[in-house]
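One structure below.
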Amino acid sequence: MDSAPRASATDSTRTTAANGNSRRGVIDLARLAVEDTIRLVQQEIQLAKIEVKEMLRSNIKAAIFLALAAFCALLFVVMLLVTLALVIPAHALVAGIETVVFLVLVVVFALIGKSLLKIGAPPKTMTTLKEDAEWARQVLKRNGK
């Protein structure tokens, strides 16, 4: 009779120890998952900051070219008015040439500024966020089974 209660006590101790270890294992896994998630969010924020800075630099360059285009457009209007005012053939030819030069500059600066302008969400950040969401879905599917 003594051996039966001892065996059950030993079995219950082993079961309790196994449950305690499995709880610790689950807690450790949860802690690691939270730490990984925090690290991932921090890295996403850093990537977003870097991309926004790059976009800002590019947009400042674009704004400078657009400002140059606007200044040349102003000069174009002035030269056009001078051309119209000077109907004398020699003066009109020089003023016309200047007007054409400034018109070409307006077009070139405007096209360069427009090509440098970047508007929208940071593309690298959006790509990594989509990848992270897909990864999270896969993890949830595996843990859900």
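Looking at the stretch 49-60, which of the residues that are open to solvent by 70 Å² or more (accessible area, probe 1.4 Å) and not acidic (Asp, Glu) is farthest from the chain's Cα centre (by Cα)?
Taking the candidates together, the pick is Ile60.
Those residues that are open to solvent by 70 Å² or more (accessible area, probe 1.4 Å), free of Cβ contacts under 8 Å to residues at least 40 places away in the same chain and closer than 14 Å to Lys49 by Cα, I need them from the stretch 112-139; list them, please.
Answer for the stretch 112-139, where residues must be open to solvent by 70 Å² or more (accessible area, probe 1.4 Å), free of Cβ contacts under 8 Å to residues at least 40 places away in the same chain and closer than 14 Å to Lys49 by Cα: just Met126.
Looking at the stretch 87-145 only, could you name the residues that are part of a helix (DSSP H, G or I) and basic (Lys, Arg)?
Lys114, Lys124, Lys130, Arg137, Lys141, Arg142
Based on what the data block shows, is Lys141 of a type outside the set (Gly, Ala, Ser), closer than 30 Å to Arg57 by Cβ and modelled with pLDDT under 80?
Taking the combined requirement at face value, the residue does not satisfy it.
Residues checked against (1) acidic (Asp, Glu); (2) within 30 Å of Val108 (Cβ to Cβ); (3) open to solvent by less than 60 Å² (accessible area, probe 1.4 Å):
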{"position": "Leu32", "(1), (2), (3)": "no, no, no"}
{"position": "Thr37", "(1), (2), (3)": "no, no, no"}
{"position": "Gln43", "(1), (2), (3)": "no, no, no"}
{"position": "Leu47", "(1), (2), (3)": "no, no, yes"}
{"position": "Ala62", "(1), (2), (3)": "no, yes, yes"}
{"position": "Leu81", "(1), (2), (3)": "no, yes, no"}
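Pull up the stretch 94-106, narrow it to residues that are in contact (Cβ under 8 Å) with a residue 12 or more places away in the chain and of a type outside the set (Asp, Glu), then point me to the one that is most open to solvent (accessible area, probe 1.4 Å).
Leu103
Return the pair list, or none, for Cβ contacts closer than 9 Å from residues in the stretch 44-68 that are under 9 Å from Gly113 (Cα atoms) and touching a residue at least 24 places away in the same chain (Cβ under 8 Å) to residues that are of a type in the set (D, E, K, R) and surrounded by 13 or more Cβ atoms within 10 Å (Cβ to Cβ), at least 6 apart or on different chains.
Between residues of the stretch 44-68 that are under 9 Å from Gly113 (Cα atoms) and touching a residue at least 24 places away in the same chain (Cβ under 8 Å) and residues that are of a type in the set (D, E, K, R) and surrounded by 13 or more Cβ atoms within 10 Å (Cβ to Cβ), the close pairs are Asn59/Lys118; Ala62/Lys118.
The values are calculated or read from the model by the stated rules, or taken from the named source; none is laboratory data. This is a predicted model, so every value here is computed, not measured. Note: ideal-geometry Cβ built from the backbone for every residue, glycine included; neighbour counts use all protein chains shown. Note: accessible area is taken over every heavy atom of the protein model, side chains too, but ligands, DNA and RNA are not part of it. Shrake-Rupley method; radii C 1.70, N 1.55, O 1.52, S 1.80 Å.
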